[in-house]
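Read-outs throughout are calculated quantities, based only on the coordinates presented, and are distinct from any laboratory measurement. In this text, all values refer to a predicted model and were calculated from it rather than measured experimentally. So basically every Cβ, Gly included, is an ideal-geometry build from the backbone, and we count neighbours across all protein chains shown.
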Amino acid sequence: MKKIFGCSLLLICQLVLAQTPNAVLNKPIDNAMMKSFAPTGTLRVGINLGNPVLAGSIDRSEPQPKGVTIDIAKEIGKQSGIPVELISFKSAGAIVEALKANQLDLIFVAIDPVRGADISYTPAYIQIEGAYMVKASSPIKNNEEVDVAGNEIVVGKASAYDLYLTREIKKATLLRSSNSQSVVDDFMSGKGNVAAGVKQQLEADSKRYSNVRMLPGRFMVINQAIGVPKSRAEYEKITVYLSGLIEQLKTSGFIANSMKKHGIEGAKVAE
């Protein structure tokens with residue numbers, strides 16, 4: 001039954017996306033769907049500050065987060081006519097838990113089959129890379145040498161990289177930091193001998209230390225998408241609606257322009 005239901009939802013999405021994006025967006029808004037989408041009357045959007053590709057950190061000089069996901073969230077609010085409340089979190093894991101607890105209506109998160117049990121995804125809007133960092137003196141030269149008995153990989157707890165590596169790593173050991181931002185600091189304080197995370201985050205952190213180096217290439221490609229809770233009665237329609245919107249934002253150049261505005265490098269608009 002689950003397989004049949006999943007195939008049906010996929011077919012609906014494909015039929016909608018086969019139309020022109022503007023045709024999808026110009027359809028009359030389904031009031032029942034919108035009530036399910038934002039039951040409080042405000043669209044509560046989870047923002048992950050643990051991923052620099054998605055959003056910038058808050059500090060005293062920048063009291064509000066900035067980034068691609070903030071731009072998309074505001075555009076969704078504009079298109080749907082619903083006020084938006086941005087709620088910031090330090091990790092993707094915390095955002096997922098808040099969504100499951102019905103504290104959020106929409107999140108920006110990596111597509112993952114484990115999370116998919118509770119989350120319905122739109123097509124990806126951005127693709128980013130997961131990479132490894134080691135100490136300059138490490139004998140490890142490439143990604144293939146990481147999954148070896150005795151190696152210890154530091155990764156942000158419940159991040160997309162944690163979920164992926166939990167499935168894929170067979171011989172090395174995973175050591176979890178509280179969030180993605182603390183991975184390199186934990187690594188440099190003596191935890192593990194490999195650090196794993198968003199390539200851009202690791203590259204930024206490497207500038208704070210002189211005795212580290214990135215391993216060439218990537219160990220995974222991460223597809224970032226919009227997620228909504230499957231617990232909502234109208235979540236299939238919500239997913240279709242947002243899928244049409246995200247396709248329009250990709251094809252119109254909105255997302256590419258947002259990435260350029262925020263100086264995002266090493267990522268690309270998803271196909």
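Taking 29 Å as the limit for the C-alpha separation, the pairs Lys191/Lys260; Lys90/Lys230; Lys78/Lys260; Lys100/Lys135; Lys90/Lys268 exceed it in the case of Lys191/Lys260; Lys100/Lys135. At the listed q of 0.16 Å⁻¹, the Debye profile of segment 150-203, built from one uniform point per Cα, gives log10 I(q)/I(0) equal to -0.38. All distinct Cα pairs of the chain go into the 1/r average, and the inverse of that average, the Kirkwood radius, is 19.4 Å. Placing +1 on each Lys and Arg Cβ and -1 on each Asp and Glu Cβ, with no other charges, gives the chain a dipole about its Cα centre of roughly 60 debye. Hey, what do the phi angles of segment 79-90 turn into as Karplus ³J(HN,Hα) couplings, whole Hz, using 6.51/-1.76/1.60 and θ = phi - 60°, x for Gly and Pro? Result, rounded to whole Hz: 5, 8, x, 10, x, 10, 10, 8, 10, 8, 9, 8. At most 13 other Cβ atoms within 10 Å and a DSSP loop assignment: could you name the trypsin sites (Lys or Arg not before Pro) in segment 160-216 that fit? The qualifying sites are Lys170, Lys171, Lys207, Arg208. Under a 5 Å amide H cut-off, with hydrogens placed 1.01 Å from N, Lys268 pairs with Gln127 among residues at least 5 apart or on other chains. Scalar couplings 3J(HN,Hα) for segment 234-246, obtained by applying the Karplus form with A = 6.51, B = -1.76, C = 1.60 to θ = phi - 60°, are 9, 5, 5, 5, 4, 4, 5, 4, 5, 5, x, 5, 5 Hz; x denotes Gly and Pro.
Only helical runs count toward this figure. For the chain, summing -39,500 (n - 2.57) over DSSP H runs of n ≥ 4 and dividing by all residues gives -10500 deg cm²/dmol at 222 nm.
Calculate log10 I(q)/I(0) of segment 129-220 for q = 0.19 Å⁻¹, where I(q) comes from the Debye formula with a single equal point scatterer on each Cα and nothing for solvent. These q points yield log10 I(q)/I(0) values of -0.76. Less than 5 angstrom separates the built amide H of Glu152 from those of Thr173, Asn193, Val194, all sequence-distant by 5 or more or on a different chain. The ellipsoid equivalent to the alpha-carbon distribution of segment 60-207 has semi-axes of 31, 18, 13 angstrom, derived from the gyration tensor eigenvalues as √(5λ) and listed largest first.
Taking the DSSP bridge list for the chain and keeping only pairs wholly inside it, about 60 percent are antiparallel. Across the chain, the mean sequence separation of Cα contacts (distance under 8 Å, 6 or more residues apart), normalised by length, yields a relative contact order of 27 percent.
Among DSSP beta bridges whose residues both lie in segment 125-220, state the antiparallel percentage, nearest 5.
Beta bridges within segment 125-220, antiparallel portion: roughly 55 percent.
Based on C-alpha pairs under 8 angstrom that are at least 6 apart in sequence, segment 128-271 has a relative contact order of 32 percent. Averaged over residues, the count of other Cβ atoms within 10 Å places the peptides 136-143, 183-190, 77-84 in the sequence 183-190, 77-84, 136-143, highest first. When peptides 254-261, 151-158 are sorted by average Cβ neighbour count within 10 Å, with the highest value leading, the order is 151-158, 254-261. Cross-link partners of Lys250 among aspartates and glutamates, defined as those whose alpha carbon lies under 14 angstrom from its own and excluding same-chain residues fewer than eight positions apart: Asp71, Glu75, Glu271.
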